[in-house]
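A.B. asks: Can you keep this structure in mind? I'll have questions shortly.
The values are calculated or read from the model by the stated rules, or taken from the named source; none is laboratory data. Because the structure is predicted, anything quoted here is derived from the model rather than measured. Quick reminder, even Gly has a Cβ in these numbers, built from the backbone with ideal geometry, and neighbours come from all protein chains shown.
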Amino acid sequence: MKTIKIPYGRSFMELHVPEENLKAVIHAKTDTYMTDKTEAELVREVLENPIGTLRLKELAKGKNKIV
């Protein structure tokens, strides 16, 4: 049985998985990610450069109602 700690709020939860059911454990490095940009700059950057779709202002062009 493999015990995996999963982030939950400001703490962790433990998940117990049988070894035969576990293929891999992938760890994100979001807790150590550092940037010199502000949150507003990051949001603006992703809105201006979406992946796999048009920009939001292009999608909204010509529309009368949006939710």
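A.B. asks: Which residues, counting only those in region 27-45, are surrounded by 10 or more Cβ atoms within 10 Å (Cβ to Cβ) and within 30 Å of residue 4 (Cβ to Cβ)?
C.D. replies: If the condition is that a residue be surrounded by 10 or more Cβ atoms within 10 Å (Cβ to Cβ) and within 30 Å of residue 4 (Cβ to Cβ), then 42 is the only one that fits.
A.B. asks: Could you say which residue among 24, 60 is exposed (fewer than 10 other Cβ atoms within 10 Å of the Cβ) and among the small types (Gly, Ala, Ser)?
C.D. replies: Of the residues listed, the single one that is exposed (fewer than 10 other Cβ atoms within 10 Å of the Cβ) and among the small types (Gly, Ala, Ser) is 24.
A.B. asks: On to the next question. Could you check region 1-58 and list, in sequence order, the residues that are part of a loop (DSSP other than H, G, I, E, B) and β-branched (Val, Ile, Thr)?
C.D. replies: 25, 26, 35, 38, 51, 53
A.B. asks: When you go through (1) at positive phi; (2) at pLDDT 95 or above one by one for residue 62, which number turns out not to apply?
C.D. replies: Going through the list (1) at positive phi; (2) at pLDDT 95 or above, residue 62 breaks only (2).
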